[in-house]
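Just below is one structure, and these are the notes that go with it.
The values are calculated or read from the model by the stated rules, or taken from the named source; none is laboratory data. Everything quoted here is computed from the prediction, not taken from an experiment. Here the Cβ positions follow ideal geometry from the backbone for every residue, glycine too, while neighbour counts run over all protein chains shown.
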Amino acid sequence: MIPLFDLHCDTLTKMCANGFSFSSSPLNISKEKAKVFSPYIQVCAIWSDDSLSDKDAFLRYKEVVRYKKSQDMYFCSSVRKFRESSFILAVEDARILEGDISRLEKLRADGVRFLTLVWKGSSCIGGAWNTNEGLTDFGKEVVLHSLELGIIPDISHSSRKSANDILSIAEKRDLPAVATHSDSYSVCQNDRNLTDYDFLRIKSLGGVVGISLAPEHLSDTGKANTKDILNHVEHYLTLGGEDTVCLGCDFDGISSLPDGINDVGDLKNLYASVSDEFGRGVAEKIFFQNAYAFARKHLK
């Protein structure tokens, strides 16, 4: 069996929105589609839909937290409690805090362990990838308190300035930040992608970076195949990222997928391609070991 630890999907949010069951879901990830992987650990983000106000996005967050309890999914927040098939909760877009720093304690009590600070545009947290704004004073307070609570800050979707603010706070405290689903800007010049400089800063902090399968982030043409994925892997490896690169596929959060990948089960073919190109040892690190080693150290 192939092991898989994926750092980002929006499956849980989409399940709740559509009333789908994990056992028989038509989405990219379901119990049936994931059965080819063992162990299988999946980070599930609750996305703050940008069509909702901050208040309504928080109400949706609470709805999704309730919904997950009805599903055949084992959620845990500590590596010591991982099972063969386990899920970890994340939040994508911290604007659901609505300026209330104490709300972070609720997120932590709910099991949230990764926090993507921004998603798009500007918010009470700061500026996302399509702005030139950094974190607000409240956003900086959120990063600091997240680190204190053991919630890992995620720079995916951040503007260059916001990413710098997040990483600077983490560096001052010698604690990790991550990019759960961010491809390389050097390979594909999309503003959502990660600069080499920020990749190296995450690496120096002992963080991890997940390869996203969003075609527009993989290729300048907006269409992608396995070769495009391998190009991003290769570039991160040239930066010394053999122990840093993971997967953060963004299943059920993107409008299309690379050719040959229709759901999580098809990652077995990507595993074969990564093994052929870079060796089985590297493939095992990217698919499982790097994320698991990070979790063992920081998700306690």
Please determine, by comparing only the residues of the stretch 159-174 that are under 18 Å from the mean Cα position of the chain (by Cα) and among the small types (G, A, S), which one is surrounded by the fewest Cβ atoms within 10 Å (Cβ to Cβ). S159
Scan the stretch 1-38 for residues that are over 19 Å from Y292 (Cβ atoms), under 19 Å from the mean Cα position of the chain (by Cα) and among the aliphatic types (A, V, I, L, M) and report the count. 3
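Quick one: would you say D56 is surrounded by fewer than 19 Cβ atoms within 10 Å (Cβ to Cβ) and assigned to a loop (DSSP other than H, G, I, E, B)? So that I can check it myself, show each step before the final result.
On the way: surrounded by fewer than 19 Cβ atoms within 10 Å (Cβ to Cβ): yes; assigned to a loop (DSSP other than H, G, I, E, B): no.
For D56, the condition - surrounded by fewer than 19 Cβ atoms within 10 Å (Cβ to Cβ) and assigned to a loop (DSSP other than H, G, I, E, B) - is not met.
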Do you know which residues across the stretch 99-125 are of a type in the set (G, A, S) and within 18 Å of S156 (Cβ to Cβ)? G121, S122, S123
Which listed residue, of S38, S77, is among the hydroxyl-bearing types (S, T, Y) and part of a strand (DSSP E or B): S38
Within the stretch 242-279, take every residue that is out of contact with any Phe, Trp or Tyr (no Cβ under 9 Å at 6 or more places or on another chain) and in a helix (DSSP H, G or I) and give me the one that is nearest to M15 (Cα to Cα). D266
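Quick one: would you say S186 is buried (at least 23 other Cβ atoms within 10 Å of the Cβ) and either within 17 Å of G253 (Cβ to Cβ) or touching a residue at least 40 places away in the same chain (Cβ under 8 Å) (or both)?
Working: buried (at least 23 other Cβ atoms within 10 Å of the Cβ): no; either within 17 Å of G253 (Cβ to Cβ) or touching a residue at least 40 places away in the same chain (Cβ under 8 Å) (or both): yes.
No; evaluated as a whole, the condition is false for this residue.
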Check whether at least one residue in the stretch 222-230 is among the small types (G, A, S), in contact with a helix residue (DSSP H, G or I) (Cβ under 6 Å, 6 or more places away or on another chain), surrounded by 21 or more Cβ atoms within 10 Å (Cβ to Cβ) and not in a helix (DSSP H, G or I), and report yes or no. yes
Matching residues, the stretch 55-96, being in contact with a Cys (Cβ under 7 Å, 6 or more places away or on another chain) and more than 29 Å from A293 (Cβ to Cβ): E63, Y67, R95
Within the stretch 84-106, does at least one residue satisfy the condition of being in contact with a helix residue (DSSP H, G or I) (Cβ under 8 Å, 6 or more places away or on another chain), loosely packed, with under 15 Cβ neighbours inside 10 Å and either within 26 Å of I254 (Cβ to Cβ) or at pLDDT below 95 (or both)? no
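Every residue, every condition in (1) at pLDDT below 95; (2) among the hydrophobic types (A, V, I, L, M, F, W, C); (3) closer than 16 Å to D50 by Cα, yes or no:
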| residue | (1), (2), (3) |
| --- | --- |
| G126 | no, no, yes |
| N132 | no, no, no |
| F138 | no, yes, no |
| L147 | no, yes, no |
| I151 | no, yes, no |
Boolean, E148 is outside any loop (DSSP other than H, G, I, E, B), in contact (Cβ under 8 Å) with a residue 40 or more places away in the chain and out of contact with any Ser or Thr (no Cβ under 9 Å at 6 or more places or on another chain): no
Kindly indicate which of L4, L12 is at negative phi, in a helix (DSSP H, G or I), touching a strand residue (DSSP E or B) at 6+ places or on another chain (Cβ under 6 Å) and not aromatic (F, W, Y). L12
